[in-house]
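Inspection log for the structure reproduced underneath, given as structure tokens.
The values are calculated or read from the model by the stated rules, or taken from the named source; none is laboratory data. These numbers come from a predicted model, not from an experiment. Neighbour counts are summed over all protein chains in view; Cβ atoms, including those assigned to glycine, are modelled from backbone coordinates with ideal geometry.
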Amino acid sequence: MRQVAELSVQGLLGADAGDAVLVRAGVPDEFLEHLHRCGLPVPGILAHPGLDPRSKFRPFGWSAEAIGLNRRHDRPAKHPAPETIERVNGRTLALEIELESAAGPATGRILRDSRALEEFLSSASPGSEWVVKAEHGNSGLANRRLRAGGLTEVDRRFVANAFAEDDGMLIEPWLDRERDWCVVFDVPFDAASLRIHETICTRDGALIGALFEAEGPAETPRSELADTARNVARRLDDEGYFGPACFDAFSWRGARGVELRRLADLNCRRSMSHAAHRAWRRLAPRQACYYRFFNRRKLDLPASLAALTAALGDRFYDRSRRRGILPVSPLGFGKLAFLFIAGDRRDVFELEAWFRERFET
């Protein structure tokens, strides 16, 4: 998939100068020079599936492919058993943990075939909305929002593909989200590894960005989310998993007012914004930073980074002032990432609003 290949290049943002990053897409020299000028170290580039067997392998997350690549190293890294990796990354276990920990309104259920889904939707309250999630999804890429009553032809194709990959699918009520958070931690749990940042999503719940703030996100239920992280880590440890993990949480408006869903999606891997967070800590840790994705076809941008730098003018990232707009994807990619860096969240959103008004079609 092109999107996955292009996302691999985001690993460059979190690398140190002596590292090498395994990428699945071409990286223009112009882009590497741009990162260097802006203050980010430029690591070595390894074109997938090539690697340096003398290096220490540290994948974004463990999978069958990652385990195979790991074996090609002189000193393979330790990793959980393949069956453990599959189980802890499934919706079934995440639902079990949510029910056990009473971490919010766990009203989802696992369905085993398309007929069960059709029957569920036909008996659901008229006008109700639902979201289905494949047993093994990828940051919302295997989710779909549905309405009670039945499936459209497009819905049926999505569902058929999901069941072709797995024998289960989670369905849960669609909730009117107000704010979203990502909770990052290690297993076994280490309090020093815990961090929480706000995530920004579309109305349909698709991730479009992450917000990093020097003091952390304001008005965040940190104690509840930290307790959930400890409980989740304990269960993952019991399952035999070790390594990085993260989960999504959100507040939503229900009949009783604003409520908190503490465990919405669980991922036993690094967070999607892991590399960008490291870049922010290196570039401007005392500032706010909005890591934001755009579809290239919805932007009217110059063809080169030099021309885009000129078009941004004094809003281009200023290394001495530690603020501005920093492109962090080659401009030829289908999905482009940018860092908006400024004094606080209001300033970064104003910067992003100017960018959208200037370049969105």
Quiz item: Would segment 276-293 turn up any residue that is more than 25 Å from Gly216 (Cα to Cα) and either buried (at least 17 other Cβ atoms within 10 Å of the Cβ) or of a type in the set (Lys, Arg) (or both)?
Solution: no
Practice problem: Would you confirm whether any residue within segment 244-259 is buried (at least 21 other Cβ atoms within 10 Å of the Cβ), within 30 Å of Glu86 (Cβ to Cβ) and over 18 Å from the mean Cα position of the chain (by Cα)? | Solution: no
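Can you give me the ranges of the strands (runs of 3 or more DSSP E) entirely in segment 167-255 with at least 3 residues that are of a type in the set (A, V, I, L, M) and in contact with a helix residue (DSSP H, G or I) (Cβ under 7 Å, 6 or more places away or on another chain)? So that I can check it myself, show each step before the final result.
Working: elements: 169-173, 177-187, 195-201, 207-212, 243-254.
So the answer is 169-173.
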Quiz item: Which residue, of Arg195, Arg144, Arg179, Arg156, is more than 19 Å from Glu96 (Cα to Cα) and more than 18 Å from the chain's Cα centre (by Cα)?
Solution: Arg156
Exercise. Go through the residues of segment 133-143 one by one and say whether even a single one is modelled with pLDDT under 90, hydrophobic (A, V, I, L, M, F, W, C) and not assigned by TED's automatic domain parsing to the domain that holds Arg235.
Key: yes
Quiz item: Can you name every residue in segment 324-351 that is of a type in the set (D, E, K, R) and either under 30 Å from Arg24 (Cβ atoms) or touching a Phe, Trp or Tyr at 6+ places or on another chain (Cβ under 7 Å) (or both)?
Solution: Lys335
Quiz prompt | Where Tyr291 falls short, out of the listed (1) within 24 Å of Arg2 (Cα to Cα); (2) part of a loop (DSSP other than H, G, I, E, B); (3) of a type outside the set (Gly, Ala, Ser) | solution = (2)
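If a residue must be farther than 17 Å from Arg319 by Cα and outside any loop (DSSP other than H, G, I, E, B), how many such residues does segment 263-276 contain?
Applying the first criterion (farther than 17 Å from Arg319 by Cα) to segment 263-276 yields 263-275.
Now narrow it down to the ones that are outside any loop (DSSP other than H, G, I, E, B): 263-267, 274-275.
The number of residues fulfilling the criteria is 7.
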Quiz prompt | Filtered residues of segment 308-361 (kept if touching a residue at least 60 places away in the same chain (Cβ under 8 Å), closer than 22 Å to Ser273 by Cα and assigned to a strand (DSSP E or B)) | solution = Leu326, Pro327, Lys335, Ala337, Leu339, Ile341
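Would you call Ala66 closer than 20 Å to Val184 by Cβ, touching a Pro at 6+ places or on another chain (Cβ under 9 Å) and of a type outside the set (Ser, Thr, Tyr)? Steps first, please.
Working: closer than 20 Å to Val184 by Cβ: yes; touching a Pro at 6+ places or on another chain (Cβ under 9 Å): yes; of a type outside the set (Ser, Thr, Tyr): yes.
Yes: the conditions hold for Ala66.
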Self-check item: segment 1-42 - residue that is of a type in the set (Gly, Ala, Ser) and in contact with a Lys or Arg (Cβ under 7 Å, 6 or more places away or on another chain) and, of those, farthest from Pro327 (Cα to Cα)
Solution: Ala5
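I'd like the full set of residues that are surrounded by 11 or more Cβ atoms within 10 Å (Cβ to Cβ), free of Cβ contacts under 8 Å to residues at least 60 places away in the same chain and either of a type in the set (D, E, K, R) or farther than 20 Å from Lys56 by Cβ (or both), limited to segment 5-21.
Of all residues in segment 5-21, those surrounded by 11 or more Cβ atoms within 10 Å (Cβ to Cβ) come to 5-15, 19-21.
Keeping just the survivors that are free of Cβ contacts under 8 Å to residues at least 60 places away in the same chain gives 5, 8, 19-21.
Ala5, Asp19 - these are the residues of segment 5-21 that are surrounded by 11 or more Cβ atoms within 10 Å (Cβ to Cβ), free of Cβ contacts under 8 Å to residues at least 60 places away in the same chain and either of a type in the set (D, E, K, R) or farther than 20 Å from Lys56 by Cβ (or both).
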Quiz prompt | Given (1) assigned by TED's automatic domain parsing to the domain that holds Val42; (2) touching a helix residue (DSSP H, G or I) at 6+ places or on another chain (Cβ under 6 Å), number of the condition Trp354 does not satisfy | solution = (2)
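Residues of segment 145-171 being more than 26 Å from His274 (Cβ to Cβ) and surrounded by 16 or more Cβ atoms within 10 Å (Cβ to Cβ), which ones? Lay out the reasoning, then the answer.
Taking segment 145-171 first, the residues more than 26 Å from His274 (Cβ to Cβ) are 145-164, 167-169, 171.
Matches in segment 145-171: Leu146, Arg147, Leu151, Asp155, Phe158, Val159, Ala162, Phe163, Gly168, Met169, Ile171.
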Quiz item: List, please: which pairs have Cβ atoms under 8 Å, are six or more places apart or on different chains, and start with a residue in segment 219-242 that is farther than 26 Å from Pro82 by Cβ and end with one that is buried (at least 17 other Cβ atoms within 10 Å of the Cβ) and of a type in the set (Phe, Trp, Tyr)?
Solution: Thr220/Trp181; Leu225/Trp181; Thr228/Phe247; Arg230/Phe189
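Go over the candidates Leu194, Leu175 one by one and state the one that is surrounded by 13 or more Cβ atoms within 10 Å (Cβ to Cβ) and farther than 21 Å from Ala218 by Cα. Steps first, answer last, please.
On the way: Leu194 fails: farther than 21 Å from Ala218 by Cα.
Result: Leu175 is the single residue among Leu194, Leu175 that is surrounded by 13 or more Cβ atoms within 10 Å (Cβ to Cβ) and farther than 21 Å from Ala218 by Cα.
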Exercise. Please enumerate the residues belonging to segment 149-178 that are touching a residue at least 24 places away in the same chain (Cβ under 8 Å), farther than 16 Å from Asp204 by Cβ and hydrophobic (A, V, I, L, M, F, W, C).
Key: Leu151, Val159, Ala160, Ala162, Phe163, Met169, Leu170
Quiz prompt | Subset of segment 81-110 (residues that are crowded, with 20+ Cβ neighbours inside 10 Å and more than 24 Å from Leu225 (Cβ to Cβ)) | solution = Ile85
Quiz item: Here are some residues: Gly90, Gly68, Gly127. Which one is of a type outside the set (D, E, K, R) and at positive phi?
Solution: Gly127
